[in-house]
Amino acid sequence: MNLPIRQYGDPILRVKGKRVDKIDNRIRELAANMLETMHAANGVGLAAQQVGEALQLTVIDISEVEDRPSTMRLNGKDVDPTAEMPLVLINPQITPHNETSAGTEGCLSFPEITGEIERAESIALAAQTLEGDTIQFEAGGLLARAIQHEIDHLNGILFIDRMNSAAKASLASRLKRLQKETQRGIKHRAAVASDAAL
């Protein structure tokens with residue numbers, strides 16, 4: 001099921017996700033819906049907060065991106081990252097490596113807004129899978145960037161928080177407009193819900 005993507009200005013995007021203690025059918029269904037939603041929106045990652053759930057759960061799929069390479073090392077061996085997609089990461093923990101670089105990022109919660117963001121070029125990650133197993137791997141390139149972006153979401157951090165002040169200032173009016181549109185949408189949904197309850 002395709003879920004509505006929450007946009008900038010929705011308070012849930014600022015909420016740190018709760019740890020997923022039990023991987024049950026609800027979590028499996030949520031992950032499947034998140035993958036469908038992400039693919040429909042042509043995204044490479046989607047965090048639970050972006051669909052209104054404050055949980056430590058994100059989905060990632062970089063397999064369709066051809067112009068920004070990714071690397072992945074699983075069990076000490078280099079593997080083709082596209083063969084491992086899509087990823088469902090539950091309660092993920094990352095260790096960024098030292099080298100950083102700037103790269104262009106967008107976000108499904110910020111339509112048509114992009115920015116240059118400084119991130120670690122490679123990371124080590126440990127997370128649970130939908131089967132409850134622990135997966136550990138190292139990632140580089142776009143995959144590392146996408147994972148860092150999504151884990152920020154899980155902690156209530158948005159990519160605009162990592163922009164330099166000049167970049168953020170240049171987007172100020174667009175961000176304000178998006179925030180206002182989102183607030184209007186939230187008020188409208190609340191009004192419709194209260195009418196339906198009468």
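The values are calculated or read from the model by the stated rules, or taken from the named source; none is laboratory data. Quantities reported herein were computed from a predicted structural model and do not represent experimental measurements. A quick note on method: Cβ atoms are made from the backbone with ideal geometry, for glycine too, and the neighbour counts reach across all protein chains shown.
Checking every residue in region 38-48 against the condition of being small (Gly, Ala, Ser), more than 12 Å from the chain's Cα centre (by Cα), part of a helix (DSSP H, G or I) and surrounded by fewer than 20 Cβ atoms within 10 Å (Cβ to Cβ) gives at least one match.
Evaluating residue 59 against the criteria (1) in a strand (DSSP E or B); (2) surrounded by 20 or more Cβ atoms within 10 Å (Cβ to Cβ); (3) touching a Lys or Arg at 6+ places or on another chain (Cβ under 9 Å); (4) among the hydrophobic types (A, V, I, L, M, F, W, C) leaves one unmet condition, (3). The condition of being at pLDDT 95 or above and of a type outside the set (Gly, Ala, Ser) does not hold for residue 96. Being touching a Gly at 6+ places or on another chain (Cβ under 8 Å) and closer than 20 Å to residue 46 by Cα is a property that residue 94 lacks. Would you check if residue 72 is more than 22 Å from residue 20 (Cβ to Cβ) and of a type outside the set (Asp, Glu)? Criteria met by residue 72.
Screening residue 189 on (1) under 28 Å from residue 24 (Cβ atoms); (2) part of a helix (DSSP H, G or I); (3) at pLDDT 95 or above shows it passes everything except condition (3).
Scanning region 78-93 for residues that are assigned to a strand (DSSP E or B) and surrounded by fewer than 18 Cβ atoms within 10 Å (Cβ to Cβ) turns up 78, 79, 93. Evaluated against (1) in contact (Cβ under 8 Å) with a residue 24 or more places away in the chain; (2) in contact with a helix residue (DSSP H, G or I) (Cβ under 9 Å, 6 or more places away or on another chain); (3) exposed (fewer than 15 other Cβ atoms within 10 Å of the Cβ), residue 64 falls short on exactly one condition, (1). State yes or no: is residue 31 in a helix (DSSP H, G or I) and out of contact with any strand residue (DSSP E or B) (no Cβ under 8 Å at 6 or more places or on another chain)? No, not satisfied. Looking at the structure I just gave you, is residue 138 of a type outside the set (A, V, I, L, M, F, W, C), surrounded by fewer than 20 Cβ atoms within 10 Å (Cβ to Cβ) and touching a residue at least 60 places away in the same chain (Cβ under 8 Å)? Considered against the rule, which asks whether it is of a type outside the set (A, V, I, L, M, F, W, C), surrounded by fewer than 20 Cβ atoms within 10 Å (Cβ to Cβ) and touching a residue at least 60 places away in the same chain (Cβ under 8 Å), residue 138 comes out as yes. In region 187-196 there is no residue matching the filter, namely being among the hydrophobic types (A, V, I, L, M, F, W, C) and surrounded by 13 or more Cβ atoms within 10 Å (Cβ to Cβ).
I'd like to check something: does region 18-30 contain any residue that is closer than 25 Å to residue 175 by Cα, surrounded by fewer than 18 Cβ atoms within 10 Å (Cβ to Cβ) and free of Cβ contacts under 8 Å to residues at least 12 places away in the same chain? No, region 18-30 has no match at all. Evaluation of residue 75 against the conditions (1) polar (S, T, N, Q); (2) more than 29 Å from residue 27 (Cβ to Cβ); (3) over 20 Å from the mean Cα position of the chain (by Cα) shows that the sole unmet condition is (2).
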